[in-house]
Amino acid sequence: MINQLTNQQIDQIIEGQFGNESKNFFGADKDYILKVIKLKKYFPVKTNFFGKPMAYLKAVDDVTLGIERGKTMGIVGESGCGKTTLGRTILKLYPITEGKVFIDGHDIGETKGESLRQLRPNFQVIFQDPYSSLSPRLPVGEIIGEGVKAHNIVPQNQYKDYIVSVMEMCGLSPRYFTRYPHEFSGGQRQRICIARALALKPKLVVCDEPVSALDVSIQAQIINLMKDLQQKQNLTYLFISHDLSVVEHISDSVGVMYLGSMVEEGPKEMIFANPLHPYTKALFSAVPVPDPNHHMNRVILKGDIPSPANPPSGCKFHTRCPQAKPICKSQVPIYKEYESGHKVACHLY
Amino acid sequence: MPYALSTMNYKSGAIMEQNTTKKKKGSQFVSNKELKAIAKSNNAEISKFEKLKKRKFVKEEEYTTTLLDESNVLEVDNLHTYFYSDVGVVKAVNGVSFNVPRGSTVGVVGESGCGKSVTSLSMLQLVAGPQGQIVEGEIRFKLKDYKKDENKKLIPIMACDDFGTTLTEVATDKYGTPIVDKKTGAFTTCDKQARDEHGFKMFEMEDKTFNIAKMPIDAMRKIRGKEIAMIFQEPMTSLNPVFTIGYQLREAVLEHTPGSTKEEARERCLEMLGLVGIAMAERVYESYPHQLSGGMRQRVMIAMALSCNPKLIIADEPTTALDVTIQAQILELLRNIKKEHGTSIMLITHDLGVIAEMADYVVVMYAGRVIEKGTVFEIFDTPLHPYTLGLQKSKPVVGGNTDKLYSIPGQVPNPINMPKHCYFYERCKYRTEVCKGDYPELVQISPTHQVSCHNYKRKQAEYEKVKSTKESKGDKK
């Protein structure tokens, strides 16, 4: 059995490696299930003659965040800003370049091999595209049951009953047990994906754009299902999406990412009522409102997101920022607390 | 025949056993004998339509019609597009009619699989044959066509000075080099042809109205890209990866403007790329699709659609694959184009926010039929069909706090063997005995607002109640 670290031990490790500041980032009295400290994920893009990497693509650059048990954190941002890479690095689907990840008292960066495999049921993932993330050759019962068998979640004689109960919980009829994924619609497939993740009784679920490939009416069904399951099983979600209205609906706290860094983070109410960072403002104003009588002052950003292999100096957003000042070009803004729980990285504050 | 095979083979599994005996008689089961009969009738139908299409000489009178209302650019009237599949006929578009007025945006909303995209593909005769066929109905489109003389040659317009005498210029061959008389060594001269504001040679034109549903393929090529342009859903898959952006852009210009050279087309393309907000137009012109980002590619697609000054742009989910910030840029661009060029836009999307922002008229489709249409304000403020209401409720709104989202129960019915009653009957919250009868006709509520529901009066009365209470409150104040 792998020994679980206590909160005090984790705090000691953080203080030893990153100093007091990082330790104080997390509230002392709160029960965090996920702690991410200064996480970096660089991909080599250019190698020299001997195969040594010369240039890096900084997909995730210095991200610090924490999620309390039973809560949902939403991550928003443009495509290519590193949302998905962040989710995958937390699950150690990619090796960590630098920084620490603690899930439920386990140092994920240090865990390897068999012990990591034994931890896997605790953190599961729901992928973006339900059309490509299910094996076309396995029937639904086996897709959901594969992990259950591998990790011995239930005794063998109860296996079938358990799978059926999971399927019913996710709104799938038991008669789908021997059907194949191609016979299902997008919404049903996403239910299969959710059932596969939840069959392992996870504590943390990373949802990587689970509803962006679905229709509006199906979206509502899946979001309702995910909320119900969270209440029943006390799940924690890291919800990655570019749809702000969905994130607002499901999350307790929201983090906004730009070019691999977190630019703003805080409780949902604060972020949506009072967005501070110019990028967050632009992002929120770009959401179309389904009401023809509504007229809004839109901040339209010019140009595209810069390449993460060669990010701009200083504040990464200064090339597109409508409120950029000379200082933004030279100095990297510090990620600091503006009001309790509401953090922002911008020179304006 | 995926359905037939799958239902026949699934007999294993303890859980399945209780259901298999009942399932065999279910609506989805098709026996081998039935399959053969379906294939036979399909072949007969398909060959009938294909023969009509493959005729070499089709008289123009056969496909010319007149518009019902001259202020429209395009009229779709009772369109039926069917797919002859192996398990039965799928009526993807089943009696759709709507108008696209000049200079306005028509939004088409609906779930995936409701026939939005097939309607737009029918407008350009791009439905994948031979299974997909336009069976019935008219798509009337008014355009300016080149006039031809008896020898089927274009009639050029000559440039005149103020006194009416034609001007002369040095004659050139098709590459733009001057023709030299071999004997004398002097340049040959000819009458100068008039050029339009883009520098292209002008020919005589006339107004014509065509029925697109019956047009032969070679006549159709004049309309595709020139009069009706389409922006496809995924910019990743609709650009050819082995040709440069420039090659793909100028292809349409060269095809549709007779007498234009490569350089003229290049100028025009660069102008278009500038218009859609691409800063380094010349660099993009030389680059390949994979070198551009998603937003840039979508803008190239829009530039391609605009390059021939089309009267109608069909945008099939132009922003679904893009982020909100890029989406805002693209929508702004489309709005500007509509304002400046007076282009009509048909916008297909399932995002109600985009529709509310862009459209003047809205068409709501469900299972291949129009269930409600009207102006944006009518559809968003006083929706009458339960499906329209459900769609609006199920979209989460920023700032709108609700614990549970409304979701329409059930799913779209099987497109093969559609029921005779209202297609929405099984999922409808307000169904009554009347709904079990015939399919409801489109009822005219106001000059622009139409709805296809038996119980529309129930909701109408509610709105009037709210309206009257509001008015009475206003009087008191």
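The values are calculated or read from the model by the stated rules, or taken from the named source; none is laboratory data. Bear in mind that the values here come from a model prediction, so they are computed numbers and not experimental data. All Cβ positions, glycine included, derive from the backbone under ideal geometry; neighbour counts span all protein chains shown. Remember, those area values only see protein heavy atoms, side chains included, never the ligands or the DNA or RNA. Shrake-Rupley method; radii C 1.70, N 1.55, O 1.52, S 1.80 Å.
Tabulated data
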{"read-out": "Residue that is nearest to A:Ser217 (Cα to Cα) [pool: residues in the range B:360-392 that are surrounded by fewer than 21 Cβ atoms within 10 Å (Cβ to Cβ) and either among the aliphatic types (A, V, I, L, M) or in contact (Cβ under 8 Å) with a residue 24 or more places away in the chain (or both)]", "value": "B:Gln392"}
{"read-out": "Conditions (1) touching a strand residue (DSSP E or B) at 6+ places or on another chain (Cβ under 6 Å); (2) buried (at least 16 other Cβ atoms within 10 Å of the Cβ): number failed by B:Gln298", "value": "(1)"}
{"read-out": "Subset tally (residues that are open to solvent by less than 10 Å² (accessible area, probe 1.4 Å), assigned to a helix (DSSP H, G or I) and more than 20 Å from A:Pro290 (Cβ to Cβ)) for the range A:206-238", "value": "2"}
{"read-out": "Residue in the range B:271-282 that is within 14 Å of another protein chain (Cβ to nearest Cβ), surrounded by fewer than 16 Cβ atoms within 10 Å (Cβ to Cβ) and more than 12 Å from B:Leu239 (Cα to Cα) present", "value": "yes"}
{"read-out": "Test: residue in the range B:157-171 that is assigned to a loop (DSSP other than H, G, I, E, B), under 40 Å from the mean Cα position of the chain (by Cα) and at positive phi", "value": "no"}
{"read-out": "Evaluation of B:Val242 against (1) part of a loop (DSSP other than H, G, I, E, B); (2) touching a Pro at 6+ places or on another chain (Cβ under 8 Å) (one fails), failing number", "value": "(2)"}
{"read-out": "Out of A:Ser241, A:Ser253, sole residue that is crowded, with 19+ Cβ neighbours inside 10 Å, farther than 30 Å from B:Ile379 by Cβ and in contact (Cβ under 8 Å) with a residue 60 or more places away in the chain", "value": "A:Ser253"}
{"read-out": "Top-ranked residue of the range B:242-270 - restricted to ones that are more than 25 Å from the chain's Cα centre (by Cα) and among the acidic types (Asp, Glu), ranked as least open to solvent (accessible area, probe 1.4 Å)", "value": "B:Glu264"}
{"read-out": "Number of the exception - A:Val148 against (1) out of contact with any His (no Cβ under 9 Å at 6 or more places or on another chain); (2) closer than 30 Å to B:Thr319 by Cα", "value": "(2)"}
{"read-out": "Odd one out for A:His182 among (1) of a type outside the set (Phe, Trp, Tyr); (2) touching a residue at least 12 places away in the same chain (Cβ under 8 Å); (3) on the phi < 0 side of the Ramachandran plot; (4) not in a helix (DSSP H, G or I)", "value": "(4)"}
{"read-out": "Selection status of A:Gln188, open to solvent by 20 Å² or more (accessible area, probe 1.4 Å), assigned to a helix (DSSP H, G or I) and facing another protein chain (nearest Cβ under 8 Å)", "value": "no"}
{"read-out": "Residue tally, condition outside any helix (DSSP H, G or I) and closer than 18 Å to A:Glu209 by Cα, over the range B:316-340", "value": "5"}
{"read-out": "Hits in the range A:26-41 - residues which are under 21 Å from A:Lys336 (Cβ atoms) and surrounded by 18 or more Cβ atoms within 10 Å (Cβ to Cβ)", "value": "A:Phe26, A:Tyr32, A:Lys35, A:Val36, A:Ile37, A:Leu39"}
{"read-out": "B:Val354, sole failed condition from (1) within 13 Å of chain A (Cβ to nearest Cβ); (2) touching a Phe, Trp or Tyr at 6+ places or on another chain (Cβ under 9 Å); (3) more than 22 Å from B:Asn78 (Cα to Cα); (4) hydrophobic (A, V, I, L, M, F, W, C)", "value": "(2)"}
{"read-out": "Residue list for the range B:393-444, restricted to those being outside any loop (DSSP other than H, G, I, E, B), open to solvent by less than 50 Å² (accessible area, probe 1.4 Å) and at the interface with another protein chain (Cβ under 10 Å from one of its Cβ atoms)", "value": "B:Ser394, B:Arg427"}
{"read-out": "Matching residues, the range A:121-140, being assigned to a helix (DSSP H, G or I) and within 13 Å of A:Phe184 (Cβ to Cβ)", "value": "A:Val140"}
{"read-out": "Criterion (within 21 Å of B:Ile313 (Cα to Cα), away from chain A (no Cβ under 14 Å), free of Cβ contacts under 8 Å to residues at least 60 places away in the same chain and in a helix (DSSP H, G or I)) met by exactly one of B:Arg299, B:Arg221, B:Arg266", "value": "B:Arg221"}
{"read-out": "Only listed residue being touching a helix residue (DSSP H, G or I) at 6+ places or on another chain (Cβ under 7 Å) and surrounded by fewer than 18 Cβ atoms within 10 Å (Cβ to Cβ), chosen from A:Pro130, A:Pro136", "value": "A:Pro136"}
{"read-out": "Residues within the range A:1-58 that are farther than 25 Å from A:Arg120 by Cβ, among the aliphatic types (A, V, I, L, M) and in a strand (DSSP E or B), tallied", "value": "4"}
{"read-out": "Residues being closer than 22 Å to A:Ser212 by Cα, at the interface with another protein chain (Cβ under 9 Å from one of its Cβ atoms) and of a type outside the set (Asp, Glu) - total across the range B:357-386", "value": "1"}
{"read-out": "Members of the range A:158-180 that are open to solvent by 40 Å² or more (accessible area, probe 1.4 Å) and more than 13 Å from every other protein chain (Cβ to nearest Cβ)", "value": "A:Gln158, A:Met169"}
{"read-out": "Criterion violated by B:Gln329 - all others in (1) open to solvent by less than 10 Å² (accessible area, probe 1.4 Å); (2) at the interface with chain A (Cβ under 8 Å from one of its Cβ atoms); (3) in contact (Cβ under 8 Å) with a residue 40 or more places away in the chain; (4) of a type outside the set (A, V, I, L, M) satisfied", "value": "(1)"}
{"read-out": "Options B:Leu347, B:Leu391; residue that is at pLDDT 90 or above and of a type in the set (A, V, I, L, M, F, W, C)", "value": "B:Leu347"}
{"read-out": "Some residue of the range A:272-284 being more than 8 Å from every other protein chain (Cβ to nearest Cβ), surrounded by fewer than 23 Cβ atoms within 10 Å (Cβ to Cβ) and hydrophobic (A, V, I, L, M, F, W, C)", "value": "yes"}
{"read-out": "Failed condition for A:Ser330, given (1) within 11 Å of chain B (Cβ to nearest Cβ); (2) open to solvent by 70 Å² or more (accessible area, probe 1.4 Å); (3) modelled with pLDDT of 85 or more", "value": "(1)"}
{"read-out": "Residue match in the range B:186-205 (condition: under 30 Å from B:Ile134 (Cβ atoms), of a type outside the set (Asp, Glu) and open to solvent by 30 Å² or more (accessible area, probe 1.4 Å))", "value": "yes"}
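Residue-wise test of (1) open to solvent by 50 Å² or more (accessible area, probe 1.4 Å); (2) hydrophobic (A, V, I, L, M, F, W, C); (3) in contact with a Gly (Cβ under 8 Å, 6 or more places away or on another chain); (4) more than 30 Å from B:Glu332 (Cβ to Cβ).
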| position | (1), (2), (3), (4) |
| --- | --- |
| B:Val100 | no, yes, no, no |
| B:Glu111 | no, no, no, no |
| B:Pro130 | yes, no, no, yes |
| B:Glu138 | yes, no, no, yes |
